[in-house]
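The values are calculated or read from the model by the stated rules, or taken from the named source; none is laboratory data. If you're wondering where the values come from, they're calculated on a predicted model, not measured in any experiment. With ideal geometry, Cβ positions are generated from the backbone for all residues, glycine too; neighbour counts draw on all protein chains shown.
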């Protein structure tokens, strides 16, 4: 049995609609899923409704983009109130900053001899949240590159000539927003950069101080060494454990959800963690 607590839909940069995400998860036999679109909760209600119809356990979520010293830090949020107004206002600000960044990237590409407009980028997305993957798709459409991976490697990745640094809220602010919306914030894919660049003990401790309550231990970019390392750190710091495929549906040639690599106990333990945390918060509120 498996679960998947890191999934994207067309509400951000995925290829499946929120309904299709749920239906695919149900078809392959997942027990629990979370929709965690980039900087938007617009797909949550649709996905939650379909999950209820199918009897699939569902966690409303998000993957928020924060920035620390020009570095993007992604933060997952679970069990949050998707109608929280303070969160929605913050997401509007994030959207504005992202659009400014994407406009800078399209200008840089145009200066390099690869003309691209924001209108063309917008056409690549069908949801509320746009990102660099949509720029990459527009480049493929133009024939500038063969695939989106090439777009990142040659042009818009961190070391590419059309890269523009991100701007946005601090990680501390993202953690706080998720908690104020009733959610559990988690550090997303701390080992995504590989062993040489993975977050270490002191990094996790700092994020916990900022407000992180859980760690994404299971992720396609995490090998067994990383999984074991973050399992130990979660236990050391008393943090929850989450994991997912980071699936973007049909956006990629392989539907990562199909690999079913996150054991079902992760969801079971995370529900227990959430219930324990909620009880503690309730008791604290009465004191």
Checklist (1) in a loop (DSSP other than H, G, I, E, B); (2) closer than 22 Å to residue 172 by Cα; (3) more than 18 Å from the chain's Cα centre (by Cα) applied to residue 199, failing item: (3)
In this structure, does residue 116 turn out to be assigned to a loop (DSSP other than H, G, I, E, B) and not assigned by TED's automatic domain parsing to the domain that holds residue 179? yes
Count of segment 1-16 residues which are over 15 Å from residue 56 (Cβ atoms) and modelled with pLDDT of 95 or more: 2
Scan segment 127-147 for residues that are in contact (Cβ under 8 Å) with a residue 24 or more places away in the chain and closer than 30 Å to residue 45 by Cα and jot them down. 127, 128, 129, 130, 131, 132, 133, 134, 135
Options 63, 120; residue that is surrounded by 14 or more Cβ atoms within 10 Å (Cβ to Cβ) and closer than 24 Å to residue 240 by Cβ: 63
Segment 93-113, residues that are in contact with a helix residue (DSSP H, G or I) (Cβ under 9 Å, 6 or more places away or on another chain) and in a loop (DSSP other than H, G, I, E, B): 112
For segment 64-74, state whether one or more residues are closer than 17 Å to residue 176 by Cα, out of contact with any helix residue (DSSP H, G or I) (no Cβ under 6 Å at 6 or more places or on another chain), in contact (Cβ under 8 Å) with a residue 60 or more places away in the chain and not in a strand (DSSP E or B). no
Considering residues of segment 1-44 that are part of a helix (DSSP H, G or I) and more than 17 Å from the chain's Cα centre (by Cα) only, the residue surrounded by the most Cβ atoms within 10 Å (Cβ to Cβ): 25
Among the residues in segment 202-219, are any without any contact (Cβ under 8 Å) to a residue 60 or more places away in the chain, more than 26 Å from residue 60 (Cβ to Cβ) and not in a helix (DSSP H, G or I)? no
Which of the following residues is assigned to a loop (DSSP other than H, G, I, E, B), in the same structural domain as residue 224 (by TED's automatic domain parsing), touching a helix residue (DSSP H, G or I) at 6+ places or on another chain (Cβ under 7 Å) and under 17 Å from residue 65 (Cα atoms): 185, 166, 190? 190
Restricted to segment 222-243, and to residues that are assigned to a loop (DSSP other than H, G, I, E, B) and at negative phi, which residue is surrounded by the fewest Cβ atoms within 10 Å (Cβ to Cβ)? 223
Given the structure, is residue 221 touching a helix residue (DSSP H, G or I) at 6+ places or on another chain (Cβ under 8 Å) and under 28 Å from residue 256 (Cα atoms)? no
